[in-house]
Amino acid sequence: MDANQFSDLLQRYRLGACTEEEKVWVEGWYNERRNAIYNPLTEEEEMLAGEYIYRNLNDMLTAETTKKVIPVWRRTKTWWVAAGTLLLLAAGGFFIFSNKRSVPPIVQTPKPEIKPVTPGGNKALLTLADGSVIVLDSAANGTLSQQGKTIVLKKQDGQLEYRSGNNGNQDVVAWNTISTPRGGQYQVVLPDGTKVWLNAVSSLRFPAGFTGTERVVELTGEAYFEVASLPIAGSGKKMPFKVIIPPPPPAEGIGGAQVEVLGTQFNVKAYADEASINTTLLEGAVTMSSQKKRALMKPGHQARVTKDGQMIVDEHADVEEALAWKNGRFQFTDAGVETVMREIARWYDVTIEYAGKIPAEKFEGEIPRNSNIAEVIRILELSNVFCKIEGRKIIVLP
């Protein structure tokens with residue numbers, strides 16, 4: 001179709017002399033031409049047709065209205081804008097775009113929804129000995145599995161409990177792992193009755209039943225323990241409870257450590273992005289061991305194991321601050337901005353970005369863990385730490 005034929009077709013459309021097929025074609029052409037995705041002409045034909053259509057339609061409108069329409073578009077690529085505008089006027093002001101044969105409709109890909117930033121909650125995955133995974137936050141209450149002689153239950157309050165009729169002792173060791181994501185926490189009762197609270201981005205690997213002469217679990221992240229006393233079968237001795245903190249990859253991460261207890265309450269913080277592994281003792285007695293040192297801790301002590309295996313014991317630790325997360329609070333004393341933002345990132349499942357130099361201000365105070373993120377930002381501003389939120393990213397301003 002050349003420019004003259006194209007213009008004649010448009011004129012017949014205006015006069016109502018088109019066939020039904022031509023009418024559909026013109027309407028489809030104009031709709032797709034508006035969207036800049038369909039053009040049946042070459043660039044040269046487009047220029048000629050645009051000028052011809054414009055003059056033709058301009059003459060038609062002038063004859064009907066006795067008013068001279070002054071063209072204002074003269075560049076090659078804009079003739080179609082003028083022609084399209086006049087075509088709308090000549091056809092009565094609108095087209096009915098109901099049938100588009102030659103060009104498929106444009107499919108708009110929806111933008112991915114960004115979840116609002118909210119405080120964390122009870123979320124965790126339980127990986128059983130056979131490799132199957134249970135999403136604990138959506139699992140129904142009641143029996144979830146049986147591991148050896150131990151029944152795995154989800155209680156009404158959401159707590160996970162390993163219930164065994166023989167104090168958790170069994171012949172075959174079935175290792176389970178409970179892990180929390182960013183923005184998650186969970187509580188589990190081990191088969192010996194030991195209670196464990198897991199903070200966000202943490203995992204605990206443990207047997208569904210304890211055998212032998214000691215109880216061993218493996219921890220990454222942070223957890224608070226209330227260890228139950230358990231006798232060794234056929235002996236008057238108590239079975240020791242050991243928390244192994246393996247060195248995380250890569251090799252330059254924090255070195256491993258071990259906490260050994262009989263019956264006590266303590267907190268272990270062992271995140272790979274922290275400068276040290278911290279064990280804080282609330283009640284009883286524990287032995288903290290690193291690659292280079294071993295120390296007996298008393299209530300109120302905090303042992304810090306650095307990446308090179310060195311250990312420092314603080315005999316006057318702030319136990320309340322160490323346990324604040326378990327009690328629903330962030331609590332900081334003279335904490336640097338990066339320390340504070342790491343805690344916020346884990347609990348609110350956000351990423352942290354620093355726009356320039358990291359502020360040197362120190363933060364001291366408490367923030368309820370159920371606070372919305374806007375409240376957290378306002379509290380930080382009281383210490384002259386200013387941030388802005390973009391989606392799920394918090395940008396710390398210099």
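For the range 173-228, the candidate set comprises residues that are over 24 Å from the mean Cα position of the chain (by Cα) and among the basic types (Lys, Arg); within that set, the residue that is farthest from Ala324 (Cα to Cα) is Arg215. Against the criterion of being closer than 25 Å to Leu160 by Cβ, touching a His at 6+ places or on another chain (Cβ under 9 Å) and crowded, with 20+ Cβ neighbours inside 10 Å, Thr280 qualifies. Screening Ile352, Ile344, Ile367 for residues that are of a type in the set (Val, Ile, Thr), free of Cβ contacts under 8 Å to residues at least 60 places away in the same chain, touching a Phe, Trp or Tyr at 6+ places or on another chain (Cβ under 7 Å) and not assigned by TED's automatic domain parsing to the domain that holds Ala272 leaves exactly one candidate, Ile367. Glu218 satisfies every condition listed in (1) within 28 Å of Pro247 (Cβ to Cβ); (2) surrounded by 23 or more Cβ atoms within 10 Å (Cβ to Cβ) except (2). Looking only at residues in the range 221-237 that are at pLDDT 95 or above and within 18 Å of Gly193 (Cβ to Cβ), the one that is surrounded by the fewest Cβ atoms within 10 Å (Cβ to Cβ) is Glu226.
Being farther than 12 Å from Ala285 by Cα and in a loop (DSSP other than H, G, I, E, B) is the filter; apply it to the range 296-311 and report the residue that is farthest from the chain's Cα centre (by Cα).
Gln310
Taking the criterion of being more than 15 Å from Tyr348 (Cα to Cα) and not charged (D, E, K, R), the residues of the range 358-379 that qualify are Ile358, Pro359, Ala360, Phe363, Gly365, Ile379. Within the range 146-166, restricting attention to residues that are without any contact (Cβ under 8 Å) to a residue 60 or more places away in the chain, buried (at least 19 other Cβ atoms within 10 Å of the Cβ) and farther than 16 Å from Leu204 by Cα, the residue that is farthest from the chain's Cα centre (by Cα) is Ser164.
Scanning the range 210-232 finds one or more residues that are in contact with a strand residue (DSSP E or B) (Cβ under 8 Å, 6 or more places away or on another chain), free of Cβ contacts under 8 Å to residues at least 24 places away in the same chain and in a loop (DSSP other than H, G, I, E, B).
The values are calculated or read from the model by the stated rules, or taken from the named source; none is laboratory data. Owing to the predicted nature of the structure, the values given are computational and were not obtained by experimental measurement. Because the Cβ atoms are built from the backbone with ideal geometry, glycine has one as well, and the counts that use them run over all protein chains shown.
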